[in-house]
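Okay, structure first, notes after.
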Amino acid sequence: MLPGINGYEKCNGCGLCTLPCPIWRQSYDSLLTFAGRARALQGGAKIEEIRNSVDACILCGSCEAACSMGIRTVDITLKLRAAINKNNEEMPIQRYNDQALTETTILLPNAALLADKKTLKLTTGLLNIPLAKDNSQDILLFLLKKFEVGFIPEAEMLEGFLRRLIRLRQVVIADGLFKRYIRALIPELHTEILGLGEALLRLPAIKNALKPTDLYIIEARSYNMDFKRCMPFYTEISSQTGCRMNLDLQRIAIPTGGCINTETGNEFTPKSTGQIRWILEGRSFDRIVVESVEDIGLLKNAVVGVPVVHVAELAGENAL
Amino acid sequence: MTELPQSIKNSPDPVPPDSLKGVPRQQTNPSRWNGDGWEAFVAELVSQGITINQGLANRSGYITDGGGIAMGLPRGVLVARSPEDIATTLKAAQKYKVPVSVRGGGLTTEGECISFGALQLDMRGMSNVIHIDETNLTVRTEAGIYWHSLAEALRRRGLDYISAPLNMTSSVGGTLGVGGIDINSPKFGCSADQAIALRVVTPTGEIVECSEQENTELFERVLLGYGQFGVITEATLKIRPFTPITMHYFYYSSLRESVEDLRFLVEEEAADYLGILTMLDRAINLLVAFDSDEKEREFFNKYRKRIKGHGEIGFALHMAAHYALHPWRVKEALYLLERKRSLLPELSPPGHMQEGKIIDRTVVFSRAVWKFWGGKKMIIPDLATSSEKFAEAVEKGNEVCRRYFPHYTLYCVGIKLFGSFESRPRYELSCIPPDAHDFGYGCEFEPMLGNHNYSRDHFQSFKNEIYDIGVDMGTSYYRFGGMMKGYIRRAFGDELVDKHLAMKQKADPAMILNPDVIF
């Protein structure tokens, strides 16, 4: 057993998690998958021997959604990554203490959404979430960056931040990995925690604008890491609107690669081009709708002659 | 007993003529290969640009198979990338006498795909779909591909495979090598019967195209050949338009009645999908499913009244009455109730249903299989019989299950045959029972192990008792290789086994390809 890392020993090698794994699809090398890591550790391999596998993972959560044993695969991979990277940098958490809160809903954006002012304005307007003067962007972005290298802060470290969130009615989170973390810490009964796409799709104006000829690209992390809750919701949307989604036969979201982190990745990290080819292969559509700002550019580069729009844009030009 | 030719007696690894006597009753792993010639073998492959991964992390992934009972660490792993690489490797393996064990999804249960100290060839490195012919309804694919991945590629075009195991992580090549049974096998036969053409690397390293028209003998030997006569690298398979299926369940408390109804429906071709899944021998579920509304209507008009199964409410009342009269069996009743409560919703999950129809049967069943039957250890002895012997074989196997395990499941299917043993030599020495005509039948006996820690001896004794039934009744088995290969001569007879052994020795002079599976 590796100290502080457990759960991998439950893996029975069924292989269901390899089916949606982006690295598997691009390498067909089982050691680069979660199952490969788990079996290697079960067999007594040292962490260093699976370093390439740990670093190559894009943390899309597809293995966790697929696991028949209910293993928290993302947690294990993050812990392995933290053990490899030995990242113990202190966090500037004190700023969160005792901040006044007036909103009932808050949007926690990611770097890409913050950088896309137009989509950010449209999103906050549609969701009726004013951008707070101090919206904690700096610490949020710091956290998101640290998550990628496996640094998961203890709940006590974020006490002030969580105290703020727990009083809210709804928290909308653009980053799927961060949403997973927050969902684990905050009881659902108190605060509703949603992904950005899900929050927007709840607006009738947006849902009704989806067409059967649309290909809707779900942000994979947000969906896969919250699979049991998200799968029925998106199934219903697809059923009501007729639109296709980037789901495989297990109803697991195929990531575009928009979440690929160049700092942690390596030569085995799956390429976006391969991911998008997998999503588009054999599908016909006349518009692509994306949840994640990062995906707009990726898909515009991949598909010629088909409009690519952010889900917020479905509300129309005069929505605000 | 037939006297073996001297050449066979002196061969490296023939099946012992005395079979059960020669193989201990508590048969376990084959002995580990001693490694003679390994370094030179690897060096020769490296000189030809082929890398064998010898790190522990890589090798650990191959230590066991789906059964989790046989254990063996390979000395090195080669992830197959091309037929040429495989051909080079097998030529070197012949030269240095290095055993090569081929693995796809790794879902054998008796250690058949495990390498005991030699080379593991992982075919999943060849998992690309090559061409989908939407006009002629065929697909050409690399054979390491999981059926799930193939299904996904086909589904995007509104197509589906015809028949594949109810397990998404089976590989196409591995399945063609052993048969491949689905609940639509009563209609379409086994997966191997869907193959139109194959590319095969022979044990001596030749790359050969084969089909029913070209290199027919190899084609017939490789299909259902348990990996003895070549490595399938590509396959052309029949496919069909995708259809969601409508599933109905009929409940029985009598095994014999359910098996007889299964046989009746199979032989009448009354449904598109048929199978039996039980909870112990108390709650027996006959699955009947349809690709079309017309077929469903025809079933209810013509056949429903002729089978004895209850609907859900009728069966619940029947069971309530039974346990009211047998109150000392309350624990069993509670187990059945809990099992039903947790299992049945998994067979119709909302995300995989559309207007009451199942749209991803393999996903639904495969997830259920792993969730409710899967575990680190699985033992699934089986019997494959003719129609006439089926009910008796199931009942005898059930009695064995009852004695060994508190909880178990039986899974029964029918298999349509396409021709005789003469016209389809692939059926010879396979899971197709030699006395079957038109249809064969199979029953898997699977204990629910839960958190119990049974010994290997307990498992092996259980399997032996099931297999002894087969020997006594003259049946075949789906899983007769690996740790159960000691039964081969008893089940199939010396003449047939010697015939295949001679063919194997001719095709694989050093006997290096998939050793200890059959020979």
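The values are calculated or read from the model by the stated rules, or taken from the named source; none is laboratory data. What you see is a predicted model, and the numbers here were worked out from it, not measured in a lab. When we count neighbours, we look across all protein chains shown, and the Cβ atoms used for this are built from the backbone with ideal geometry, even at glycine.
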For the range A:23-52, give me the residue count where each residue is closer than 19 Å to A:Arg72 by Cβ, part of a helix (DSSP H, G or I) and touching a residue at least 24 places away in the same chain (Cβ under 8 Å).
10
Could you look through the range A:206-236, keep only residues that are in a helix (DSSP H, G or I) and in contact with a Phe, Trp or Tyr (Cβ under 8 Å, 6 or more places away or on another chain), and pick out the one that is nearest to the other protein chains (Cβ to nearest Cβ)?
A:Met231
Within the range B:390-402, restricting to residues that are charged (D, E, K, R) and touching a residue at least 40 places away in the same chain (Cβ under 8 Å), the one that is nearest to the other protein chains (Cβ to nearest Cβ) is B:Arg402
Odd one out for B:Leu277 among (1) assigned by TED's automatic domain parsing to the domain that holds B:Phe390; (2) not in a strand (DSSP E or B)
(2)
Name the residues in the range B:286-309 that are hydroxyl-bearing (Ser, Thr, Tyr) and loosely packed, with under 14 Cβ neighbours inside 10 Å, would you?
B:Ser292
Conditions: (1) in contact with a Gly (Cβ under 6 Å, 6 or more places away or on another chain); (2) within 29 Å of B:Glu84 (Cα to Cα); (3) within 14 Å of chain A (Cβ to nearest Cβ). B:Val200 meets all but one. Number of the miss?
(3)
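Select from the range A:10-22 the residues that are at the interface with chain B (Cβ under 8 Å from one of its Cβ atoms), in a helix (DSSP H, G or I) and not polar (S, T, N, Q) and list them in ascending order.
Across the range A:10-22, the qualifying residue is only A:Leu16.
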Among (1) surrounded by fewer than 22 Cβ atoms within 10 Å (Cβ to Cβ); (2) touching a Phe, Trp or Tyr at 6+ places or on another chain (Cβ under 7 Å); (3) more than 22 Å from B:Arg156 (Cβ to Cβ), there is one condition A:Glu198 misses while meeting the rest; what is its number?
(1)
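If I filter the range A:237-267 down to residues being out of contact with any helix residue (DSSP H, G or I) (no Cβ under 9 Å at 6 or more places or on another chain) and assigned to a loop (DSSP other than H, G, I, E, B), which single residue comes out as nearest to the other protein chains (Cβ to nearest Cβ)?
Going through the qualifying residues, I end up with A:Gly242.
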Filter the range B:367-381 for residues that are hydrophobic (A, V, I, L, M, F, W, C) and at pLDDT 85 or above; the one that is nearest to the chain's Cα centre (by Cα) is B:Ile380
Scanning the range B:391-409 residue by residue, those in contact with a Phe, Trp or Tyr (Cβ under 6 Å, 6 or more places away or on another chain) and under 22 Å from B:Leu262 (Cα atoms) turn out to be B:Gly397, B:Cys401
Of the residues that make up the range B:237-248, is at least one outside any loop (DSSP other than H, G, I, E, B) and either without any contact (Cβ under 8 Å) to a residue 60 or more places away in the chain or among the acidic types (Asp, Glu) (or both)?
yes
If I filter the range B:130-189 down to residues being on the phi > 0 side of the Ramachandran plot and away from chain A (no Cβ under 13 Å), which single residue comes out as surrounded by the most Cβ atoms within 10 Å (Cβ to Cβ)?
B:Gly180
What do you reckon, is A:Glu198 acidic (Asp, Glu) and without any contact (Cβ under 8 Å) to a residue 24 or more places away in the chain?
no
Looking at the range B:310-330, is at least one residue more than 13 Å from every other protein chain (Cβ to nearest Cβ), surrounded by 12 or more Cβ atoms within 10 Å (Cβ to Cβ) and within 28 Å of the chain's Cα centre (by Cα)?
no
Some residue of the range B:382-401 being closer than 30 Å to A:Cys11 by Cβ and modelled with pLDDT under 95:
no
Does the range A:283-300 contain any residue that is within 14 Å of chain B (Cβ to nearest Cβ), touching a helix residue (DSSP H, G or I) at 6+ places or on another chain (Cβ under 8 Å), assigned to a loop (DSSP other than H, G, I, E, B) and not β-branched (Val, Ile, Thr)?
no
Of the residues in the range A:25-76, those that are farther than 21 Å from B:Leu73 by Cβ, in contact with a Leu (Cβ under 7 Å, 6 or more places away or on another chain) and within 9 Å of chain B (Cβ to nearest Cβ) come to A:Ala66, A:Ser68
Out of A:Thr33, A:Thr73, A:Thr18, which single residue is in contact with an Asp or Glu (Cβ under 6 Å, 6 or more places away or on another chain), buried (at least 24 other Cβ atoms within 10 Å of the Cβ), closer than 26 Å to A:Ser272 by Cα and among the hydroxyl-bearing types (Ser, Thr, Tyr)?
A:Thr73
Considering only residues that are touching a residue at least 12 places away in the same chain (Cβ under 8 Å) and assigned to a loop (DSSP other than H, G, I, E, B), look in the range B:455-479 and name the one that is surrounded by the fewest Cβ atoms within 10 Å (Cβ to Cβ).
B:Gly474
Suppose we filter the range B:92-110 for residues that are within 14 Å of another protein chain (Cβ to nearest Cβ), of a type outside the set (Ser, Thr, Tyr) and not in a strand (DSSP E or B); how many remain?
4
Any pair with Cβ under 6 angstrom, 6 or more apart, that starts in the range B:118-129 at a residue that is surrounded by 24 or more Cβ atoms within 10 Å (Cβ to Cβ) and ends at one that is small (Gly, Ala, Ser) and assigned to a loop (DSSP other than H, G, I, E, B)
B:Leu121/B:Ala80; B:Met123/B:Ala80; B:Met123/B:Gly104; B:Met123/B:Gly144; B:Arg124/B:Gly144; B:Met126/B:Ala80; B:Met126/B:Gly144
If B:Ala507 passes every condition in (1) closer than 30 Å to B:Lys377 by Cβ; (2) over 17 Å from the mean Cα position of the chain (by Cα) but one, which one does it miss?
(1)
Specify the residue that is nearest to A:Leu249 (Cα to Cα); the eligible residues are those in the range B:357-389 that are assigned to a helix (DSSP H, G or I) and within 7 Å of chain A (Cβ to nearest Cβ).
B:Val363
So B:Phe300 passes all but one of these: (1) without any contact (Cβ under 8 Å) to a residue 60 or more places away in the chain; (2) within 14 Å of chain A (Cβ to nearest Cβ). Which condition number does it fail?
(2)
